[in-house]
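A.B. asks: Got a structure here, written out as C-alpha cells. Questions coming.
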Amino acid sequence: MKDEISEILMWGVPQINRNSVYTEKLQHICTGLGEDKKYYTEPDIIVITKSTSVFIEVKVKSANDKQKLGEKDYDKYLSDTFYTDVKAAKESLCYELIRNWTVGNLFAENNFKLINLAPGHLFLCEKKSLTAFTQSLKGSENFIQLSWEAVFDKLNKSGVEEAFRKELEQRIFR
C-alpha cells in the first residue's frame, strides 16, 4: 500500500485507534442492511488507508461460506450498483463473499478491494462458484484470490525468521 494505514479492524475491533469511527461506520452499514449484530465481526480484517479500504476474508481450515438460495436473504446485498449480473452473483451461492463485496463497497470512501485469503486447494475446489462470483462483479479486478502458499513463498523470500514462518505454516496447514 502506498499510503499510511489509518486503521485496522480485526473482527470488527479497532487495532490502532480504540475509539475508531470506522467501527461505527461498519455497524451503521450492517444495521442499514438489517443484519444481526453477531455478524458485525465480519469481514475478518479491514485495512483502511486514505485512498483504499481492503477487506480480507481469511480462510484457514474452512471453505467460503455458501448458502442455498432461500436460506439467506441474498437480495439485501445485491444491486446493480456493485454487480454486473445480480442473478449470476446469487447463483454462485458465495454468500459470505457477496456480503463482504457489498458491505465493502458501501464502506469504502474511495477505492475498495476484497481479498479472499485461503489455501490454494480451496480456489480449485470452489473454482466454478468463484468464477461465477467474480464475473458478476463491477470492478472484478478488485477481487483478489490470494493463497496462503503465495504468502509463505513471499515470507521465504523476504528473510522472515524461519522459526516464526514455520510455526505459522504449521498452524495454517496442520
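A.B. asks: Take the conditions at pLDDT below 95 and either surrounded by 14 or more Cβ atoms within 10 Å (Cβ to Cβ) or on the phi > 0 side of the Ramachandran plot (or both) and apply them to Lys38. Does it pass?
C.D. replies: Against the criterion (at pLDDT below 95 and either surrounded by 14 or more Cβ atoms within 10 Å (Cβ to Cβ) or on the phi > 0 side of the Ramachandran plot (or both)), Lys38 does not qualify.
A.B. asks: For segment 3-20, which positions are open to solvent by 70 Å² or more (accessible area, probe 1.4 Å) and in contact with a Pro (Cβ under 9 Å, 6 or more places away or on another chain)?
C.D. replies: Result: Trp11, single match.
A.B. asks: Considering only residues that are under 21 Å from the mean Cα position of the chain (by Cα) and over 18 Å from Phe123 (Cβ atoms), which ones fall in segment 150-168?
C.D. replies: Passing the criteria: only Leu168.
A.B. asks: Return the total of residues in segment 14-47 being outside any helix (DSSP H, G or I) and either of a type in the set (Ser, Thr, Tyr) or touching a residue at least 24 places away in the same chain (Cβ under 8 Å) (or both).
C.D. replies: Result for segment 14-47: 11.
A.B. asks: If you take the residues in segment 137-174 that are among the small types (Gly, Ala, Ser) and not in a helix (DSSP H, G or I), which one is nearest to Leu97 (Cα to Cα)?
C.D. replies: It comes out as Gly139.
A.B. asks: Considering only residues that are of a type in the set (A, V, I, L, M, F, W, C) and closer than 17 Å to Asn64 by Cα, which ones fall in segment 92-123?
C.D. replies: Leu93, Cys94, Leu97, Ile98, Trp101, Val103, Leu114, Ile115, Leu117, Ala118, Leu122, Phe123
A.B. asks: Go over the candidates Glu169, Glu161, Glu109, Glu141 one by one and state the one that is in contact with a helix residue (DSSP H, G or I) (Cβ under 6 Å, 6 or more places away or on another chain) and not β-branched (Val, Ile, Thr).
C.D. replies: Glu169
A.B. asks: How do the pairs read when you match residues in segment 149-174 that are loosely packed, with under 14 Cβ neighbours inside 10 Å with residues anywhere that are among the basic types (Lys, Arg), using Cβ under 8 Å and keeping only pairs 6 or more apart or on different chains?
C.D. replies: Partner pairs satisfying both residue conditions: Asn156/Arg165.
A.B. asks: How many residues does segment 68-104 hold that are farther than 21 Å from Ala150 by Cβ, polar (S, T, N, Q) and either out of contact with any helix residue (DSSP H, G or I) (no Cβ under 9 Å at 6 or more places or on another chain) or open to solvent by 80 Å² or more (accessible area, probe 1.4 Å) (or both)?
C.D. replies: 2
A.B. asks: Out of Lys25, Lys61, report the one residue that is among the basic types (Lys, Arg), modelled with pLDDT of 90 or more and either under 28 Å from Cys125 (Cα atoms) or open to solvent by less than 70 Å² (accessible area, probe 1.4 Å) (or both). Give the steps one after another, and end with the answer.
C.D. replies: Values: Lys61 fails: modelled with pLDDT of 90 or more.
Within the list Lys25, Lys61, the selection yields Lys25.
The values are calculated or read from the model by the stated rules, or taken from the named source; none is laboratory data. Since we're looking at a predicted model, the values are computed, not measured. Note that each Cβ is placed from the backbone with ideal geometry, even for glycine, and that neighbours are counted across all protein chains shown. Note: areas computed on protein heavy atoms with side chains; ligands, DNA, RNA excluded. Shrake-Rupley method; radii C 1.70, N 1.55, O 1.52, S 1.80 Å.
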